[in-house]
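The values are calculated or read from the model by the stated rules, or taken from the named source; none is laboratory data. Model, not experiment: these values are computed from the prediction. We place every Cβ from the backbone using ideal geometry, glycine too, and count neighbours over all the protein chains shown.
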Amino acid sequence: MKLDGHARKYKQFARPQAYQENANMDKDRIIGAAKQVKGSVKQAVGKAVGDAKLQAEGNSDKAEGKAQNAIGGVKDAVRDALKH
């Protein structure tokens with residue numbers, strides 16, 4: 001098990017380096033996923049109350065989130081390709 005500098009001091013709390021590398025997800029993916037959830041909620045509420053504008057905003061937020069998540073995925077892939 002490969003440990004980072006700080007973790008060597010506290011081995012019982014250490015995480016493997018492979019886990020730490022996988023934890024470096026691009027912020028765009030996290031924000032994009034949050035926007036998708038927000039869009040789904042808006043869409044569902046809009047549908048439940050019969051508000052077409054809120055439903056459309058939800059669809060828009062979901063699409064924006066999907067795009068941002070995809071951009072983050074590309075950034076992750078590029079970062080991983082450059083590492084190896």
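The helices (runs of 4 or more DSSP H) falling completely within the stretch 4-79 that include 1 or more residues that are hydrophobic (A, V, I, L, M, F, W, C), surrounded by fewer than 13 Cβ atoms within 10 Å (Cβ to Cβ) and modelled with pLDDT of 95 or more map to 27-49. Taking the conditions (1) within 10 Å of the chain's Cα centre (by Cα); (2) acidic (Asp, Glu); (3) farther than 30 Å from Asp80 by Cβ in turn, Asp28 satisfies each one other than (3). Within the stretch 55-84, residues that are without any contact (Cβ under 8 Å) to a residue 60 or more places away in the chain have Cβ atoms under 8 Å from residues that are hydroxyl-bearing (Ser, Thr, Tyr) and not in a loop (DSSP other than H, G, I, E, B) in these pairs: Gly58/Ser40; Lys62/Ser40, counting only partners at least 6 apart in sequence or on another chain.
Residues in the stretch 65-80 that are closer than 15 Å to Lys27 by Cβ and in contact with a Gly (Cβ under 8 Å, 6 or more places away or on another chain): Gly65, Ala67, Gln68, Asn69, Ala70, Ile71, Gly72.
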